[in-house]
Amino acid sequence: MTVQASTARAVADMESVAPQDADGRARVARALAGRIGGVWLVGVILPVLLAAGWELAVAGGFANGRLMPPPSQIWGELVRLAATGELWTHLLTTLWRVLAGFAIGAIAGTLAGLLTGASGLARQALDPTIQALRAIPSIAWVPLFILWLGIFEASKVALIAVGVFFPVYLGVMGAIGSIDRKLVEVGRVFRLGRLQMATRVLLPAVLPEWVISLRSGLGLGFMFVVAAEFMGASEGLGYLLVDGQQLGKPAQILAAIITFAILGKLCDQALVLATRPLLAWRDTVRARL
Amino acid sequence: MLTFANLTKTYAGGGAAALSQVDLAVQAGEIAAIVGGSGCGKTTLLRLTAGLDQASSGFIEIDGDRVTAPHPAIGIVFQEPRLLPWLTVRDNVAFGLGDQPRAARRQRADEALERVGLAGYGDRWPRELSGGQQQRVAIARALAPRPKALLLDEPFSALDAFTRASLHDHLLALWEESRPTVVIVTHDVEEAVTLGDRIIVMQPRPGRIYEEIPVDLPRPRDRMSPNFDAAKRRVLKALDNSLNPQHPPGQTAPAGGALWW
């Protein structure tokens, strides 16, 4: 009787302990995963390992590193370019081109998207032509732009603007098409005119998708600035790339590539930060975009 | 006074008229509750009155003024709150006050919020509110421009019973203050009897008025009282008959008889 009782108690104890234990383990695992997942450092491990490995391989004589210079050389090249001021000249030239092209393309894309999105007639009249133009690889415009606009800034900015235009146009037009009719009716009930309907209902409703289309447009802008600068430029990060290829300076090419990556990321971040106050109202899982 | 004269609506694509020759007069300050089976045209009736759709023939007048487009004297609350998610609660309430200076707008909106029991919620986003609170904001938005007539399209159907009951009280308190004409569409007979001075039972295919049942119970109405129950039964009976083609309109037993069937 007492034995049975104590066995029963022991079993009960085990049963009550076991889930606690499992619970505890799960909690530790979650905390661990949270700590590792939450810290961005985990994403840095792989590139740092690769870079350190390559550095050691070159330093130890296992590879000569002539075509693929080790990180120390790339860093040295960056420092040199920065010290002579070349880096900033090229960087600012490229940045100016991207921003000018982005501004033109984004404004044109937004206006055209608003027009075709809001008016059925405009959509029928314009959209097929725009879609046909979109099917042309944008780089194919380069010879024509150079003939029309010369080989200096205008043709480069035009190419970037074309690249930015299409994602913004498509994003805005699609977003207007998917606005909730029920919200438009609220505007109608309060007797908003066309202009007020556009500014007070349609534009705010398309804001989130507009920002996304601007971001993909900006990304394409950086893609096309390289293409533009390949075509003949005496300044710009793209010029650094071509120059590095022609003079056999891989460290300079990699330094330019890294500068592109950082510049692109910073511009994207600036765009996100600039538009975040406009989107504070959203009720979405990924509110941080 | 809200007048419907010979109102007919046929949607493109044919079929039975959504609304056929509806004649109805809702007195100023009256609460008319419209009930009916699905497809009886009750929502169509409200959309025409709100000016969101055009009648095929016949007309609607508010105090002698034809309604052909959204009218400043008519406000509407939809089945869903339909708040604009990018505006704060206060700006949502002030949405229809565009013609006024900023300070006056803000004050009117805050007053309206206070009246629906949401004072202090003005700076929140709609997403931060519960469904019942959102619908109260929608009511405040419709009432802020002080319309003469308020239309409600099954406004509480998505809410639980407790929230619904408390919103009935809120709505009646608001109505007491300015006594607008109210037309409420509902599929909840208890709601209709709780709120309505008169209950309009509609019949589908084509949508038309089957019977009008006055509810002469004093407010606040006791849902447990025999009279309330009797009125409810009468509406239910009319609804049943309206869906049964063997009963032509107006053949329901008179009030006294229906009380004890």
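Every read-out reported here was derived from the displayed coordinates using simple, explicitly stated rules and does not represent laboratory data. Keep in mind that what you see is a predicted model, and the values were worked out from it rather than measured. Quick reminder, even Gly has a Cβ in these numbers, built from the backbone with ideal geometry, and neighbours come from all protein chains shown.
Of note:
- Whole-angstrom gap from the stretch B:65-110 to the stretch B:229-244, using each part's C-alpha centre: 36
- The dipole here belongs to the stretch B:52-197: it is taken about the Cα centre, uses +1 on the Cβ of Lys and Arg and -1 on the Cβ of Asp and Glu, and is about 660 debye.
- Alpha-carbon centroid distance for the pair the stretch A:40-59 / the stretch B:156-215, whole angstrom: 71
- Counting DSSP beta bridges with both ends in chain B, the antiparallel % (nearest 5): 50
- Antiparallel DSSP beta bridges within the protein assembly as shown, as percent of all bridges there, nearest 5: 50
- Degrees separating the helix B:131-143 axis from the principal Cα axis of chain B, which is the longest one: 90
- The calculated P(r) of the stretch B:83-146, using every Cα pair and 5 Å bins from 0, goes 4, 23, 36, 25, 10, 2, 0 in percent.
- Length gained on full extension, A:A154 to A:Q124: 7.7 nm, using 0.36 nm per residue less the C-alpha separation.
- Qualifying chymotrypsin sites (Phe, Trp or Tyr not before Pro) in the stretch B:1-104, DSSP loop, other Cβ atoms within 10 Å at most 13: B:Y11
- Volume per residue of the C-alpha convex hull in the stretch A:71-279, rounded to whole Å³: 134
- Kirkwood hydrodynamic radius of the stretch B:125-169, from inverse mean 1/r over distinct Cα pairs, in Å: 11.3
- Considering helices alone, the calculated mean residue ellipticity of chain B at 222 nm is -10000 deg cm²/dmol, with DSSP H runs of length four and up weighted by -39500 (n - 2.57) and normalised per residue.
- Proxy reagent accessibility, fewest Cβ within 10 Å first, across A:V201, B:V189: B:V189, A:V201
- For the stretch B:83-146, the Cβ-based charge dipole about the Cα centre amounts to some 80 debye (Lys, Arg positive; Asp, Glu negative; other atoms uncharged).
- Taking only Cα atoms of the protein assembly as shown, radius of gyration then Dmax in Å: 34.3, 108
- Here the stretch B:22-57 and the stretch A:156-170 have alpha carbon centers that stand 51 Å from each other.
- For chymotrypsin sites (Phe, Trp or Tyr not before Pro), the sites in the stretch A:147-186 that DSSP calls loop and that have at most 16 other Cβ atoms within 10 Å are A:F152.
- Of the residues B:G64, B:S38, B:Q54, the one whose Cα sits farthest towards the positive end of the charge dipole of the stretch B:1-75 is B:S38 (charges of +1 on Lys and Arg Cβ, -1 on Asp and Glu Cβ, taken about the Cα centre).
- Rg over Rh [alpha-carbon atoms, Kirkwood Rh] for chain B: 0.98
- Value of Rg to Rh for the stretch B:23-114 (Rh from inverse mean 1/r over Cα pairs, i.e. Kirkwood): 1.02
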